[in-house]
Amino acid sequence: MPLDPRAALRRALAPRSIAVIGASDNPHKIGGRPIAYLGRFGFSGKVYPINPARAEVQGLHSFKSLQALPEAPEVAIIAVPGEAAVQAVDECAAAGVSVAIIMSSGFGEVHADGKRQEAAMRVRARAAGMRLVGPNSQGLANFGTGAVASFSTMFTEVPPADGPIGIISQSGAMSVIPYGLLRERGLGVRHSHATGNDCDVTVCELATVVAEDPGLKLLMLYLEGIPDPWHLAEAASIARERDLPMVVLKSGRTAAGQAAAQSHTGALANEDRTVDAFLQEHGILRAQSMAELVDTAPLYLQGWRPQGRRLVAISNSGAVCVLTADAATQANMPLEPLQPATQDALRAILPGFATVRNPVDITAALLTNSHLFGGILPPISRDPAADAFLVGIAVAGAGYDVDAFARDAANFAPDTGKPLVVAGPQAPL
């Protein structure tokens, strides 16, 4: 009996068996890396290398064909080129494979005939109850189960650590670039999936399953197009029920970007204003750049849920106060004046030339009195204008007690339960 489509995807993330068609003894080749990763990263299921020219691949018994296996594998990786890949898809469908991951390229991302091939493969696979990931897919990697069916070099260069973040991307590179940057920050990543051309399983549909993972606290998506917004809306609904932040980096904002997307994964990029409206309607956050996607991850992992949009900004630089006011206004986060009682409390702590209205300019007096920062936080926290806090320490070199600032901020945030972001671009000496 054919699997429910969603059940097949759940199985793909935690399969009991994986076959590799085009298996290589070289762990640095596309057909070799998944076998090496499955052994290295704790996959507990069975791995079946298929290579008619070898009796053994990376220490595992190799089979001449899919038909020679002792069982139908739940997942098959297809790492053979061109027409051989098409034939392998049909063989997988006939054998009862649940999900085939097509790593082969040269399909819809290249020409119209490739799109027609993809459509035909999808029809035949669906008729047999099988789902397709790809073509042109770097693979799926679930470090929670050890099912790392991917050929990315990143997992060799940057060792994985299971954690609360999931990444799903149409692009192979964009599934692992944030992975690498997050790991450099010491953050663990559980899911790193690249769906490629999305001929059947799309990023959006895969997100509906990944969003169910109870271990996730943040889900990131890279999209070049949104071919199935209904799946993205469903994923967003699942994420909201779980209080799981969902952040999208969507490329193809311009005509040039849309043309590049078409040649990369064959994606038809959507009109940008429509994308913004859709994401906002479904509570999906949008990052404007890779840096923004990665840099904000620790904030989402805090689990903060502000009760309003009003921001209080604090800095030892008047220029930072001005820039923050501009940015906050553009983000629809008003800097409302602090209450007269709060301002009086701040005047009793800060020098007379400080600004206490909001933004609060501590001035360079912070250099001579490191306790000013910790002293003003409690009265500010009680003010009705304070839903969230941004602290910009523009200068923090020699003479500044940065450790004290960090301690004060770390003690303050849990007491209020409100979001607190500290920006300090200068490394302390």
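The values are calculated or read from the model by the stated rules, or taken from the named source; none is laboratory data. These figures come from a predicted structure and were not determined experimentally. Note: ideal-geometry Cβ built from the backbone for every residue, glycine included; neighbour counts use all protein chains shown. Protein only, heavy atoms only, side chains kept; ligands, DNA and RNA dropped before computing areas. Shrake-Rupley method; radii C 1.70, N 1.55, O 1.52, S 1.80 Å.
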For ARG305: the one exception among (1) in a loop (DSSP other than H, G, I, E, B); (2) open to solvent by less than 30 Å² (accessible area, probe 1.4 Å); (3) closer than 30 Å to LEU223 by Cα: (2)
Among residues of region 327-347, those that are open to solvent by 90 Å² or more (accessible area, probe 1.4 Å) and either under 17 Å from ARG309 (Cα atoms) or in a loop (DSSP other than H, G, I, E, B) (or both), counted: 3
Failed condition for LEU232, given (1) without any contact (Cβ under 8 Å) to a residue 40 or more places away in the chain; (2) closer than 30 Å to LYS115 by Cβ; (3) under 15 Å from the mean Cα position of the chain (by Cα): (1)
Region 52-90, residues that are over 21 Å from GLN138 (Cα atoms) and assigned to a helix (DSSP H, G or I): LEU66, GLN67, ALA68
Residue list for region 398-429, restricted to those being touching a strand residue (DSSP E or B) at 6+ places or on another chain (Cβ under 9 Å), of a type in the set (Phe, Trp, Tyr) and farther than 22 Å from ALA385 by Cβ: PHE405
Filter result (in contact with a helix residue (DSSP H, G or I) (Cβ under 9 Å, 6 or more places away or on another chain) and open to solvent by 10 Å² or more (accessible area, probe 1.4 Å)) within region 68-97: LEU69, ALA72, GLU74, ALA79, VAL80, VAL86, ASP90, GLU91, ALA93, ALA94, ALA95
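Residues checked against (1) closer than 18 Å to GLN280 by Cα; (2) among the hydroxyl-bearing types (Ser, Thr, Tyr); (3) touching a strand residue (DSSP E or B) at 6+ places or on another chain (Cβ under 7 Å):
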residue: LEU216; (1), (2), (3): no, no, yes
residue: GLU224; (1), (2), (3): yes, no, no
residue: LEU232; (1), (2), (3): yes, no, no
residue: GLU241; (1), (2), (3): yes, no, no
residue: PRO245; (1), (2), (3): yes, no, yes
Of residues in region 203-223 being open to solvent by 10 Å² or more (accessible area, probe 1.4 Å) and assigned to a loop (DSSP other than H, G, I, E, B), the one nearest to PRO245 (Cα to Cα): LYS217
Number of positions in region 195-208 that are under 20 Å from TYR300 (Cα atoms) and of a type in the set (A, V, I, L, M, F, W, C): 1
Residue identified as part of a helix (DSSP H, G or I) and modelled with pLDDT of 95 or more among PRO49, PRO34, PRO15: PRO34
